[in-house]
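Presented below is the structure to which this report refers.
The values are calculated or read from the model by the stated rules, or taken from the named source; none is laboratory data. Everything numeric here is computed off the predicted structure, so don't read it as measured data. Cβ placement follows ideal geometry from the backbone for every residue including glycine, while neighbour counts extend to all protein chains displayed. For the accessible areas, the whole protein counts, side chains as well, though only heavy atoms, and no ligand, DNA or RNA atoms are used. Shrake-Rupley method; radii C 1.70, N 1.55, O 1.52, S 1.80 Å.
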Amino acid sequence: MGKPVISRSPKVMGGTPVFSGTRVPVQTLFDYLEGGETLDEFLCQFPSVTREQALAALDLGQDALLASARSA
């Protein structure tokens with residue numbers, strides 16, 4: 001994916017990390033999954049987020065977690 005998956009701007013949701021091009025906080029995806037909802041249910045509720053964006057955000061989270069575990 002060429003453009004960033006996540007963006008932050010004080011002008012959009014007070015600087016909360018959101019999916020680029022949307023006003024949907026990335027945290028919302030994690031909250032849905034933590035609550036037992038599926039990725040498809042999240043995407044249905046937030047159609048401005050693409051499947052590719054959601055999967056890329058999950059990949060970024062996984063990479064960060066694994067990097068943190070390696071440095072511990």
Taking segment 11-62 on its own, how many of its residues are more than 13 Å from the chain's Cα centre (by Cα), modelled with pLDDT under 95 and open to solvent by 80 Å² or more (accessible area, probe 1.4 Å)?
1
Could you tell me whether any residue of segment 16-28 is assigned to a strand (DSSP E or B) and in contact (Cβ under 8 Å) with a residue 24 or more places away in the chain?
yes
Which pairs turn up if I take residues in segment 42-67 that are closer than 13 Å to VAL26 by Cα and look for partners that are assigned to a loop (DSSP other than H, G, I, E, B) and among the aromatic types (Phe, Trp, Tyr) with beta carbon separation below 9 Å, at least 6 apart in sequence or on another chain?
ALA54/PHE46
